[in-house]
1. If you check every pair at least six apart or on different chains, which have Cβ atoms under 7 Å apart with a residue in the stretch 55-67 that is surrounded by 11 or more Cβ atoms within 10 Å (Cβ to Cβ) first and a residue that is in a loop (DSSP other than H, G, I, E, B) second?
2. Out of the residues in the stretch 37-71 that are small (Gly, Ala, Ser) and either more than 10 Å from the chain's Cα centre (by Cα) or in a helix (DSSP H, G or I) (or both), state the one that is modelled with the highest pLDDT.
3. Can you name the residue in the stretch 16-36 that is exposed (fewer than 14 other Cβ atoms within 10 Å of the Cβ) and in a strand (DSSP E or B) and is also farthest from the chain's Cα centre (by Cα) among such residues?
4. So which pairs qualify, if the first residue must be in the stretch 28-48 and over 15 Å from Gln9 (Cα atoms), the second must be part of a strand (DSSP E or B) and acidic (Asp, Glu), the Cβ gap must be under 6 Å, and the two must be at least 6 apart or on different chains?
5. If I go through the stretch 37-51 residue by residue, how many of them are closer than 21 Å to Phe63 by Cβ and exposed (fewer than 10 other Cβ atoms within 10 Å of the Cβ)?
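The values are calculated or read from the model by the stated rules, or taken from the named source; none is laboratory data. The structure presented is a predicted model; accordingly, all values stated were derived computationally and were not measured. Every residue, glycine among them, receives a Cβ derived from its backbone with ideal geometry; neighbour counts consider all protein chains shown.
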Amino acid sequence: MADAVTSRQIGSSSLFFNPAGMSAMEGLFDFTASNNQWIADIRHYTVGVAVSPFKGEYGVLGFSMQYVDLR
């Protein structure tokens with residue numbers, strides 16, 4: 001994604017910007033959640049989970065979900 005982020009994202013937070021960042025995970029499990037409230041009562045929620053079994057030897061599995069409330 002051509003340096004879309006100004007800092008290095010590692011673990012489940014990288015699912016939203018550059019999923020290749022999950023490869024640098026050091027632990028077995030990583031979890032990220034965020035809640036942003038914007039103008040005009042717009043709300044943005046995200047959840048990300050990454051699992052790196054066998055110390056990443058066989059890859060990393062990630063799941064992410066985003067929800068936007070535009071009431």
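1. Once the first residue is surrounded by 11 or more Cβ atoms within 10 Å (Cβ to Cβ) and sits in the stretch 55-67, its partners that are in a loop (DSSP other than H, G, I, E, B) give Gly56/Met25; Val60/Met25; Val60/Ser52.
2. Across the stretch 37-71, the extreme among qualifying residues is Ser52.
3. Of everything passing the filter in the stretch 16-36, Asn36 is farthest from the chain's Cα centre (by Cα).
4. Arg43/Asp69
5. Total meeting the criteria: 0.
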